[in-house]
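**Student:** The structure that follows is given in the form of structure tokens.
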Amino acid sequence: MINNYKSTHFTNTPQVAGVMPNDCNVEFVGIRKTKEVIWLQNGQSRYFTDLPFHFYELLRNSYLKDHKAVEFLQGVSEDLRRQVELYTYYIYGELDNTPDIVNGELAPSENFRDSQNCPSLLWNSKKITINDHELTPRQLIIIDLIGSDMPDKAIADALGISLKTLDFHKANLFRSVGVSTKTALLKLSLQQHIIA
């Protein structure tokens, strides 16, 4: 029997920004090994050095306004263009379905961390969020420790606090992001790219 039934069924999987031929939005993608950036637009990928001047200026201006980022990245490279590329890597390095430049404007920073102790966490322009709640450094550490499958007693010990104080912090975190269990927190953290 031959099946002549043709079905075009598309899932609700979000499309990566900039991949489609008519997608004028820009998506930056960080290469972890080299900390270089490529960018996607209109279905094409290009090197950071090929970024049009007006997009580069958006990034450069955002970078120069963040004094903590400038202080750190000037210690990494003397070349301003490389500093801006590194800034872009740390702020927008995650490949995702949210464009980094929309209608000529920079989007807020992504929940991308190069590592748990990513230097960008100290910058003014870097915000890590879950459900629009900006995570504090302590909340981010708690999520990382929960994600490493540590029991609560070990997490409390690692933070130098009592188990009761940890329970207080967890309750505040759960309430802030709209969950009631560690499992739900981890699921949400994975979905929103807080932990890998």
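**Student:** How are the alpha carbon pair distances in the range 130-191 distributed across 10 Å bins from zero to the largest one, expressed in percent?
**Tutor:** Histogram of Cα-Cα distances, whole percents per bin: 23, 62, 15.
**Student:** Same structure, new question: Could you tell me which label, among (i) 142; (ii) 181; (iii) 167, carries the value of volume of the Cα convex hull per residue in Å³ calculated for this structure?
**Tutor:** (ii)
**Student:** Still on this structure, please answer the following. Could you work out the relative contact order of the chain, using alpha carbon pairs under 8 angstrom and six or more residues apart, expressed as a whole percent? Kindly include the intermediate steps, with their values, before the conclusion.
**Tutor:** Numbers: 252 pairs, mean separation 33.6, N = 196.
Normalised by residue count, the contact order of the chain is 17 percent.
**Student:** Using the number of other C-beta atoms within 10 angstrom as an exposure proxy, rank 177, 76, 84 with the fewest first. Let's see the in-between values first.
**Tutor:** Details: 177 21, 76 12, 84 24.
Going from sparsest to densest Cβ surroundings: 76, 177, 84.
**Student:** Can you classify the range 22-63 as rounded, prolate or oblate using the Cα gyration tensor, where a ≥ b ≥ c are the square roots of its eigenvalues, rounded means a/c under 1.5, and otherwise it's prolate if a/b beats b/c and oblate if not? Before the final figure, lay out each step's value.
**Tutor:** Numbers: a/c = 1.94, a/b = 1.04, b/c = 1.87.
Since a/c reaches 1.5 but b/c is at least a/b, the shape of the range 22-63 is classed as oblate.
**Student:** Run the helix sum for the chain: -39,500 (n - 2.57) per DSSP H stretch of 4+ residues, divided by residue count, reported at 222 nm to the nearest 500 deg cm²/dmol.
**Tutor:** On the way: 7 runs with 78 residues, N = 196.
Counting only the DSSP helices, I get -12000 deg cm²/dmol.
**Student:** Any chance you could run the full-extension gain for residue 61 through residue 78? It's 0.36 nm times the residue separation minus the Cα-Cα distance, nm to one decimal.
**Tutor:** Values: separation 17, 0.36 × 17 = 6.12 nm, distance 1.70 nm.
Separation in residues times 0.36 nm, less the Cα-Cα distance, equals 4.4 nm.
**Student:** To the nearest 0.05, how large is the calculated FRET efficiency for residue 45 and residue 176 if R₀ is 35 Å and r is the Cβ-Cβ distance?
**Tutor:** Numbers: r = 37 Å, r/R0 = 1.06.
For residue 45 and residue 176, the calculated efficiency is 0.40.
No lab work stands behind these numbers, since they all come straight from the coordinates. Please read these numbers as outputs of a predicted model, since none were measured by experiment. Note that we place each Cβ from the backbone using ideal geometry, even for glycine, and neighbour counts take in every protein chain shown.
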